[in-house]
Amino acid sequence: MILASQSPRRKELLSLISGEFRIIPAVGEENIPEGSPPEQAVLLLSRQKATEIYSQYKNETIIAADTVVAIDGRILGKPHSEAHAAEMLRTLSGRVHSVFTGVCVIFADGRIENFAEQTSVEFYPLSDAEIANYIATGEPMDKAGAYGIQEQGALLVKRIEGDFYNVMGLPIARLSRCLRGIS
């Protein structure tokens, strides 16, 4: 089995399902059509990643995933600066947003399972000081929506509805069922 991601969180989560897998990250450019709804975007991106790796390793099961944060129909990617991270966190402050993770599994026999999971996350209202302190940790800079729920970003979250691990980037219960052929 191959995980087509270099995310340490996905590696950690996949190890809960299987201790035996290799990591070979997809390196292709991520292309989604302008204006794509978040669920379609993550389905497409995860499939692009899985297909790229499967083209080189056809006798292996490939797992790829992509996660986005969305609010008001807008996808929030990874911030490109601290100011951008602050803008994202102000947008999420005191509101409910969605986290979508698309997963694509291409089995060694060529069969493809592609699904998306959605989790709703509500943030507490955040002060400018809370936002600045969180950004100072450096944690938001490599994460969609400028936060990671598994670290200090957990202090921003009032409640979630859905799969916690989906917010971390890999809905492991659903993936485990997929790998075992259970709906």
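The values are calculated or read from the model by the stated rules, or taken from the named source; none is laboratory data. Keep in mind the model is a prediction, meaning the values are calculated, not measured. Ideal geometry is used to build each Cβ from the backbone, glycine not excepted, and the neighbour counts take in all protein chains shown. Heads up: the accessible areas ignore ligands, DNA and RNA and are worked out on the full protein's heavy atoms, side chains in. Shrake-Rupley method; radii C 1.70, N 1.55, O 1.52, S 1.80 Å.
Using a simple spin-label model with points 7 Å from Cα along the Cα→Cβ vector, what separation in nm is obtained for GLU29 and ALA83?
Those two pseudo-labels are separated by 2.7 nm.
Ignoring ligands, DNA and RNA, what accessible area per residue does the chain give at 1.4 Å, in Å²?
Values: 9100 Å² over 183 residues.
Solvent-accessible surface per residue comes out at 50 Å².
On the accessible surface of the chain, probed at 1.4 Å, how many percent belong to carbon and sulfur atoms? The partial results should precede the final answer.
Working: 4360 of 9100 Å².
Using a 1.4 Å probe with all protein chains present, the chain comes out at 48 percent carbon and sulfur.
Can you give me the Cα centroid spacing of the stretch 4-31 and the stretch 74-123 in angstrom?
16 Å
Of ILE172, ILE24, ILE63, which is the most mobile in a GNM of the chain whose springs link Cα atoms less than 10 angstrom apart?
Looking only at ILE172, ILE24, ILE63, the largest GNM fluctuation is found for ILE24.
Convert 10 °C to kelvin, take the viscosity as 1.306 mPa s, use the Kirkwood radius over C-alpha pairs of the stretch 1-91 as Rh, and evaluate the Stokes-Einstein diffusion coefficient in µm²/s, rounded to a whole number. Could the numbers behind the result be given before it?
Details: Rh = 14.6 Å.
For these conditions, the coefficient is 109 µm²/s.
Can you work out the FRET efficiency for the pair LEU16 and LYS158, with r the C-beta to C-beta distance and R0 = 30 Å, to the nearest 0.05?
Values: r = 26 Å, r/R0 = 0.87.
That gives a FRET efficiency of 0.70.
Mind listing which trypsin sites (Lys or Arg not before Pro) in the stretch 68-149 are in a DSSP loop and have 10 or fewer other Cβ atoms within 10 Å? Walk me through the intermediate numbers first.
Details: sites: ARG74, ARG90, ARG95, ARG111, LYS143; in loops: ARG95, ARG111, LYS143.
Here the sparse-neighbourhood loop sites are ARG111.
Pairing the Cα long axis of helix 82-92 with the longest principal axis of the chain, what angle in degrees results, from 0 to 90 and rounded to the nearest 10?
Helix 82-92 sits roughly 90 degrees off the main axis of the chain.
Under 10 Å from the Cβ of MET1, count the other residues' Cβ atoms, weight Lys and Arg +1, Asp and Glu -1, and hand me the total. Mind dumping the intermediate values first?
Values: positive: ARG22; negative: GLU20, GLU60.
With Lys, Arg at +1 and Asp, Glu at -1, the net is -1.
Can you show me the helix-derived [θ] at 222 nm for the chain, built from DSSP H runs with n ≥ 4 at -39,500 (n - 2.57) apiece and divided by the number of residues, rounded to the nearest 500. Can you show the working numbers first?
Values: 6 runs with 58 residues, N = 183.
After summing the helix terms and dividing by residue count, I get -9000 deg cm²/dmol.
Longest segment of the chain with no GluC sites (Glu not before Pro) in a DSSP loop having at most 11 other Cβ atoms within 10 Å? If you can, show how the numbers build up before the last one.
Working: sites that count: GLU20, GLU29, GLU34.
The reported range is 35-183.
Most fluctuating residue of ASN59, ASN166, ASN114 in a GNM of the chain with Cα springs under 10 Å: which is it?
ASN59
If a paramagnetic tag sat 7 Å from the Cα of ARG111 along the Cα-Cβ line, which residues of the stretch 141-183 would have the backbone N under 19 Å from that point?
173-183
At 7 Å along the Cα-to-beta-carbon direction for both ARG180 and GLN56, put a label point, then send me their distance in nm to one decimal.
Placing both labels 7 Å beyond Cα along the Cβ direction yields 3.2 nm.
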